[in-house]
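The block underneath contains the structure these notes are about, expressed in structure tokens.
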Amino acid sequence: MNETQTFQLDGEDIPFAPGQSIMQAATAHGAYIPHLCWHPDFAAHGSCKLCTVKVNGRFGSSCTMAAQAGMSVENRTAELDDKRRTLLQMLFVEGNHFCPSCEKSGNCALQATAYELKMMSPHFDMFYPDRPVDASHPDVLLDFNRCIMCSLCVTASAEVDGKNIFYMGGRGLLGRRVHVSSESGRLGDTNFALSDRAASICPVGVILPKRRGFAVPIGERKYDKAPISAQVKERV
Amino acid sequence: MSDTDTIDAVLDRHRRDGTRLMQILRETQEQLGWLAPATLTRIAEAVAWPRAKVEGTADFYSFFHTRPLGRYRVLWSDNITDRMLGNIDLMDAMCKKLWLEPGRVSEDGLVSVDTTSCTGMCDQGPALLVNYRAITRLTPARVGEMVGLIRSETPVADWPAEWFAVEDNIRRKDILLGHGLVPGEALAAALERGPEKMLAEIKAAGLRGRGGAGFGTGLKWEACRNAPGQGDNPAHYVVCNADEGEPGTFKDRVLLSSYADLVFEGISIAGLVVGARKGLLYLRGEYRYLLEGLESALAARRQAGLLGANILGTAFDFDIEIHLGAGAYICGEESALIESLEGKPGRPRIRPPFPVTQGYLGQPTTVNNVETLAASCLIASHGSAWYLAHGTGKSAGSKILSISGDCERPGIYEYPYGVTVRQVLADCGATQCQAVQVSGPSGICLAEEEFGRRIAFEDIPTAGALMVFDESRDMFEVARNFAHFFAHESCGFCTPCRVGTTLVRNLMDKIARQHGSPYDINELFKLHRLMQGASHCGLGNSACNPVFDTLNKFRPAYERRLMSLDYEPAFDLDAALSQARQMTGRDDVGAHLSTHLPNGAEA
């Protein structure tokens, strides 16, 4: 009946089903559009803006923009990757990211995307924000120094775990943060469990299991073996 | 009454409905002073929301406090017009008298003093809010008296009434401000026409949104009317956007003060057209003082059969409710406003879907500006042909302008569309004028050679703020004030705006400290290009406009501050010593690096 509809991503034909976003269709096809807050299992959040593409001369988030037949989408152009690099630098300077000592190094989507986009320095001055570490939970450590405000833990806890442990609150650069749903604000005072989906969803190193460090040596981790752009299919 | 009883009484009044969280938090805080952790827990349990979600709303809005901020909370309006009237000196004097640092609470928990975004009193500044009540026309004498009243812990209700007087300052009336309608007249005409013909009349009149974007009001109402209601309780809603947060804008304040009936009548007409039974007026927190007057105007309309069931003896049922905001500029964006109406942080939604199909509570919703709704009454009463006779071919009707800054007669001016900026400047008594900021920080900055341009959708579309700057003003400082405004008001949702607005602010501060270089100017342009394309909503997209405009039109204001180097690091060794200076109580020559002496000092 219906012929498969396609659009073009950097000149390549990408098939899509009605209702799919540009990101969903590209990912299903194995094409890489840089992103951090998007996850194939959840509705688009649209906040990191790494997935910004250009459609008919206009910028838009590929995770929220519906694919349409015949549209021509620019993705890995020098102009767009340059903007993405700046966005990455913004994410690095607004938090406290010390890759060499981070347990997530090599498994971190932020770090891997920075390598992919050849980000060589933070460029801007570091903000060094004062962000808390929460070690109150018996099995899980929260280190908000690395948070990139993607909201994936919020969504996973609400939609998969049915617990609503996290919520994005606050305003602006200094105010915006993940709230933990207890009067003390501590994770230990919630019913969060290491087996929760939210415990393994963090693309960076905020939510870490306790008593397990560097089990896989640096150099042999997920993004050490192949760049993030070569691991698109594995996400679906 | 115990705190728990107070909280429960508020909760019961709002039917323990989480979508009413903004009102629950505000009323609770008005009585208890702040929102303590236990207070939020109790509210969360009562409305059956996750506690973190309630806390997320509480700490999004500037006017909610999750820590005690003193029994007297003084917030100085910090628009550039307040600055030009000397607000910073007055605030410093106040802080000195109270032995306070801005932003800190006094040791005894009595008072805190800070700045806040424009409170909409630009025609009668410098202005402030004390416990969220507006005080205008501040002078050193008034500040002195105020400190005395705070020290003696005199309740704000007992402070001199004239301090709280807010003048309308209407300087020029045209068809809207000189409308001559009696309450019910326009609504009766609309009811007689019926919704279809009323909609056709609005479309024929070419009415466009007065909030600045200029979207066709008829098209918006039609899309909302045609969208089906959703789910088990289908409904349509009208929302009046009175979150007048764009610095320099105060026309809605005047419309709601002295033309409330016209506004409510416009909301009712919109309700009739889109098929709504309920209208919501979202009033910015800074206009809290208008609430009681607006509530009694609503009561009078109910009494007169202009609201409620069977309005004017027809089958039309409609009522209006007022929601108060709590200090967040972003809520002027219609989808953020709807989020706020639903009790959540004001974060713009992903669109589509647009509010006309899925708005308040997921139902078709039309969000219109106060002035747009008021103007619809004129079309209901006089018809589209009459309305089209005013204004220009592409911009029918009139526009209310809020004029402030360097002019003899700041205030409210209504003109038919098409008036030139030069004419407006002459009428308000602006001489030696260097620049005019139109539509506030997110709008455009006009230099003298552009004063022949016209206020009209085909030339300068605007919500109507004109801030006037004479030749003595430093346009760099104007742009820097706006950069601080956007950094404070960014909701923080998307990366480019959350981080970019602060980077821009820091670059402007660096240039102000005379540490800038051409490199920093290039950085500003780079951030402008990124934020304009990649931001989630209009705030981030337009946040660099004032910097971009002034860089292009008033470049010398920047260049005379630059060091003649290619690059200057942001790290400022002298500034790094400031803490040591503060701790040792020194500010003498020996406590500064030789290259960074305070003005006038010599090594």
Amide H within-cut-off set for B:Y72, under 5 Å, with H built and near neighbours excluded: B:V111, B:S112
Among the listed pairs A:K49/A:K104; A:K54/B:K526; A:K83/B:K344; B:K197/B:K394, those beyond 24 Å (Cα-Cα): A:K83/B:K344
Free-standing Cys residues across chain A, given no other cysteine C-beta under 4.7 angstrom: A:C51, A:C63, A:C99, A:C102, A:C108, A:C147, A:C153, A:C202
Gyration tensor (Cα) of region B:1-104, equivalent ellipsoid semi-axes in angstrom: 33, 15, 11
FRET efficiency for B:R277 and B:D509, using Cβ-Cβ distance with R0 set to 41 Å, rounded to 0.05: 0.20
Expected-Rg normalisation [2.2 N^0.38 Å, Cα atoms] applied to region B:475-588: 1.14
Net charge dipole size for region A:27-136 [Lys, Arg +1 and Asp, Glu -1 on Cβ; Debye, nearest 20]: 340 debye
Amide H within-cut-off set for B:S398, under 5 Å, with H built and near neighbours excluded: B:Y417
Cα pair distances in region B:381-453, grouped into 5 Å bins until the bin that holds the longest one, percent each: 3, 15, 23, 24, 16, 9, 6, 3, 0
Distance in nm between pseudo-label sites at B:E192 and A:E220 (7 Å out along the Cβ direction from Cα): 8.8 nm
Region A:14-70: mean projected area of Cα convex hull, nm²: 3.7 nm²
Whole-angstrom gap from region B:109-164 to region B:208-235, using each part's C-alpha centre: 40 Å
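Just to verify a number: FRET efficiency for A:A43 and A:V133, C-beta to C-beta distance, R0 = 22 Å, to 0.05?
With a Förster radius of 22 Å, E is 0.15.
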In Hz, Karplus ³J(HN,Hα) per residue of region B:411-426 (6.51, -1.76, 1.60; θ = phi - 60°; x = Gly, Pro): x, 9, 10, 9, 10, x, 4, x, 5, 7, 4, 4, 4, 4, 5, 5
In degrees, nearest ten, helix A:78-94 long axis to first principal axis of chain A (Cα): 10 degrees
Stokes-Einstein D in µm²/s, Kirkwood radius over Cα pairs - region B:72-167 at 25 °C with 0.890 mPa s viscosity: 187 µm²/s
Cα-based convex hull volume of region A:85-226 per residue, rounded to whole Å³: 116 Å³
Additional length obtainable on full extension of the chain from A:R58 to A:A17, 0.36 nm per residue less Cα span: 12.5 nm
Inter-site label distance for B:L593 and B:D168 at 7 Å from Cα along Cβ, in nm: 5.7 nm
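I want to verify the translational diffusion coefficient of the protein assembly as shown in µm²/s; compute it with Stokes-Einstein, Rh as the Kirkwood radius over Cα pairs, at 4 °C and 1.567 mPa s. Present the calculation step by step, with values, prior to reporting the outcome.
Details: Rh = 28.7 Å.
My calculation gives 45 µm²/s for D.
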Sum of -39500 (n - 2.57) over DSSP H runs of 4+, divided by residues of chain B (222 nm, nearest 500): -12500 deg cm²/dmol
Pairwise Cα inverse-distance average, inverted: Kirkwood Rh of chain B (Å): 25.4 Å
Three-way shape label, region B:3-58, alpha-carbon gyration tensor, a/c 1.5: rounded
Size of charge dipole - region A:85-226 - debye, nearest 20, with Cβ of Lys, Arg +1 and Asp, Glu -1, no other charges: 240 debye
Cα principal axis extents for region B:171-388, largest first, Å: 43, 40, 34
Net charge contributed by nearby residues that have their C-beta within less than 10 Å of B:S395 (K/R +1, D/E -1): +2
Between helix B:260-274 and chain B: long-axis angle, C-alpha atoms, 0 to 90°, nearest 10: 60 degrees
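Is there a quick way to get the dipole size of region B:72-167? I mean about its Cα centre, with the Cβ of Lys and Arg at +1 and of Asp and Glu at -1; what is the value in debye to the nearest 20? The partial results should precede the final answer.
Numbers: 9 positive and 14 negative charges, 10 e Å.
The calculation lands at about 40 debye.
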Three-way shape call for region A:145-189 based on the alpha-carbon gyration tensor, with the a/c threshold at 1.5: oblate
Under-5 Å amide H pairs with B:T115, H placed in peptide plane, nonlocal only: B:W76
Cα-based helix-to-principal-axis angle, B:37-47 vs chain B, degrees rounded to 10: 20 degrees
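Every number in this text was worked out from the coordinates using simple rules, so none of it is lab data. Please read all numbers here as calculations on a predicted model, not as lab measurements. We place every Cβ from the backbone using ideal geometry, glycine too, and count neighbours over all the protein chains shown.
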